[in-house]
1. Along Cα→Cβ, 7 Å out, is where each label goes; now give me the distance between the ones at residue B:1 and residue A:125 in nm to one decimal.
2. Quick one: if the Förster radius is 60 Å, what FRET efficiency do residue B:219 and residue A:337 give, using the C-beta to C-beta distance and rounding to 0.05?
3. Using a Förster radius of 30 Å, what is the FRET efficiency between residue A:185 and residue B:354 based on their Cβ-Cβ separation? Nearest 0.05, please.
4. Just from its helices, what would the mean residue ellipticity at 222 nm be for chain A, if runs of 4 or more DSSP H residues each count -39500 (n - 2.57) and the sum is divided by every residue, rounded to the nearest 500 deg cm²/dmol?
5. How would chain A be classified by its alpha-carbon gyration tensor: rounded, prolate or oblate, with rounded meaning a/c under 1.5 and the a/b versus b/c comparison settling the rest?
6. With θ taken as phi - 60° and the coefficients 6.51, -1.76 and 1.60, list the Karplus ³J(HN,Hα) couplings across segment A:307-312 in order, rounded to whole Hz; mark glycine and proline as x.
7. Residues of segment B:275-301 with amide nitrogen under 17 Å from the 7 Å Cα-to-Cβ point of residue B:80?
8. Label segment B:216-351 by shape, choosing from rounded, prolate and oblate, from the square roots a ≥ b ≥ c of the eigenvalues of the Cα gyration tensor; if a/c is under 1.5 it is rounded, and otherwise prolate applies when a/b is larger than b/c, oblate when it is not.
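The values are calculated or read from the model by the stated rules, or taken from the named source; none is laboratory data. Since we're looking at a predicted model, the values are computed, not measured. Note: ideal-geometry Cβ built from the backbone for every residue, glycine included; neighbour counts use all protein chains shown. Calculation scope for accessible area: heavy atoms of the full protein, side chains included, ligands and nucleic acids excluded. Shrake-Rupley method; radii C 1.70, N 1.55, O 1.52, S 1.80 Å.
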Amino acid sequence: MAITNHRLTSEAYEENFRDIHPPFETRDAVLVEANRCLFCYDAPCTKSCPTGIDVPKFISQIAADDLRGSARTIFIANIMGGGCSRVCPVEKLCEGACVYNLMEETPISIARLQRYPTDQAIQRKWPLFTRKPSTGRRVAIIGAGPAGLSCAHVLSREGIDVTIYEKEEKGGGLMTYGVAAYKVTPEYCAEELHYILSLGGITIQYGSELGKDLQLEQLRLQYDAVFLAFGVGLARRLDIPGEELEGVVDALRFIYSIRSDGFPSVPVGDKVAVIGMGMTAIDAATQARRLGAGEVTLVYRRTAAEMPCTEKELEIARLDGCHIHWLAAPEALTGADGCVTQLRCQKMELGPPDASGRRTPQPTGETFTLDVDMVIKATGQMPFEELVQQSGLRHRNGKIDIGPDGITPLSGIFAGGDCVNGGKEVVDAVQAGKLSAAAILEYIQSQPPRPAVGPIDPSIPDHTV
Amino acid sequence: MASLYTNYLGISSPNPFWLASAPPTDKLINVLRAFEAGWGGVVWKTLGSQVKNVSSRYSAVDYHGSRVMGLNNIELISDRPLDLNLKEIKECIRLFPDRAMIVSLMADNDRDSWHDLIRKVEDTGAHGLELNFGCPHGMTERGMGAAVGQDPAIARIVTEWVMEAATIPVITKLTPNVHSVVPTGRAAVEAGSQGLSLINTIQSVTGVDLDTFIPNPNVGGKSTFGGYCGPAVKPIALKMLTTIAQDPVTAKAPVSGIGGITTWKDAAEFMLLGATTVQICTAVMKHGFRIIEGLCEGLSNWMDEKGFQQTTDFIGRSVPTLTHWEDLDLNFHIVARIDPDKCIHCGLCYIACEDASHQSISMDQGHPYNTYTIKEDECVGCNLCKLVCPVDNCITMVEQRKGPDYLNWKEFQQRGLPLNDH
């Protein structure tokens, strides 16, 4: 059986894509866990959270029956704290730092606890934040992903009128389009976005792409400041023969279609190879299995010691029955009738450490071949180098160069998130947006108000009032 | 193996664990099950004046996820017919002759009522009487319970009436709702009461419902002051127990200790401070009679470990070590020490010392783990860090005497030694 959709029954799809980190079922269960928390001072969990959520405080607020206070404690640090409770690799962040680990005890289930008040806040539409009266100052944000939304929320709270330009049809960025469906559902992403926007003062112009529908120079004239948070693009090319064959697909595009098209309509191969060992590679591999692929093999040129995904993620792939080839580098793809049929790999061995401290894989000269009908590329995403270049921004390999808090050398232009770091966690993007918002506020206050001007393109209605 | 056999005023019981006068001891079916489970004795729930009870009756204080750290009740004495109680007491004694059967009494405030009640109870074959001079709620409004115990003169009179009629040992149960239990204890002992038991419950309001604004327990939109018991009251009970053991008059009366006893360790502490038997209620109300197994086994194992053959080997042993503050040695000095191998870097010691003690712990920032070290020169040896540390034996207190000799406050002043400069 080659690449095809509708492999499973609707019940099987539902079962396979069920929430992998189910929430606490009862308040009692929440309280048992919340009361385990030691309420550490200068807590390692908080210090290990890129957004610095005051974890002991929000947990103590749960234990003391102040769920609104708890939700606010989370959201003030991380407006996507609900989504992050589902997608964060907590075992290497907050939960990995929990002091219980040092007692050989199970760490506090921080993510599940965090989900409790944030879910309630979103479901019950608690108005935890109020927007200051409009200052008349306007900021444009490119990209309605975690960095853009986080920045927008902070700015709007301070009375800034924010317009977000988003090239897709939905907001949320990779949270909406790029994460395994069993971690966070599209419905949740929509609710979370709606909750963020319920603050007011934030307008999203969908289907507006920088470099196509709008130009940075125009935005600079139109707005008091611009925040660039357009993320990264598709997977890095493998640059091996046969990459153009049918059946060789991009991991993000694959995940995108799972999230936007509905499970039954997503085509998947019978023998799937996934290249890479990051979170996206795992998300692609496990979901290929869950869509009904018979055999899924992860191919990675280094070893478990160097892999970017967490042990826990790897465990999910293993439990899903994915095979793993360590120390294997794709060398060539061959096909029949234009469709991929085989992946040849070079066996590798680890050499001396490189600049990053990771040992460099070196070819051994030995090869092996896998029969495949689908190859998913997940070896990191490519920055939008051309867009960055043409916008006149300083960059390194397409990643925008910034100073502290997202300041760029172009006055009034700020940047953060994946377009700067090349692709990290949602929580990193949220923090970048938050820090840039503070820098933007400071910048705007130092600038005289600019005269009002109309929309930059009459075809795009401007709802910013 | 150590013997738990107990002789209290000639009343014998196979172990020192008695059930206190309370709902678990108010009827035959409970008491028989308690005896089957292994309890050494019971104090039958107070008999006397006729009463009617309300609904609801209890409320509790929970702490950090743990239920019933303290229990509050507004239940009165037995509301069952006296004759039924007497019949059942007799039957329990017949079925379990080796167990202690004490009956708690609270008659109307006149000599005849007490005499009449005592005669009826003695007819059951009960081994002792416990005078309820402590119930802090409801009955006090009728001049009974704590209303008697709070006034030594009244307590003396009532005890004298009791002693005119009683032929079996009398234990007077003291209320803690006084500035000191000693005056009433003395009055009772001087009037002839052979034993004392303490403490009864402490007047309390456990909380207010934040939706209805009505304190609990809620009885149709109103509440009333109740009596507090359970683990929360143990320290208060131990202190009062000690004052009874240290007073020359009350020290003559053997004590049955009551107040928050939950484990064998609590019981051992009560006994070290003078209790011959202990009475338990809240722990049973929470977990049932089955806890007797752990109580007996734990106490017995500890006695074996310490080389005690019988309970009298250690009853009262800790009493002399509780002394006046002025007799404490000012040259005794300890400092905290953190074991870096055990430390989990929670920072609880640091913030407690920093905000609430003597700023004697230094913090070296790390990511994500800070390192905490004691500044020995600053440490006053208060124990706070050790108390809040979640890891057993991670913080220990190490002796570093300020001088070789014993030095108390009086001597310190006489010698004109300098006070602290910080």
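1. If labels sit at residue B:1 and residue A:125, their model points lie 6.9 nm apart.
2. E between residue B:219 and residue A:337, to the nearest 0.05, is 0.10.
3. Taking R0 as 30 Å, the efficiency between residue A:185 and residue B:354 is 0.10.
4. Computed ellipticity for chain A at 222 nm equals -10000 deg cm²/dmol.
5. oblate
6. For segment A:307-312, the Karplus curve yields 5, x, 6, 8, 4, 5 Hz.
7. B:285, B:289, by backbone N distance to the label point.
8. The shape class here is rounded.
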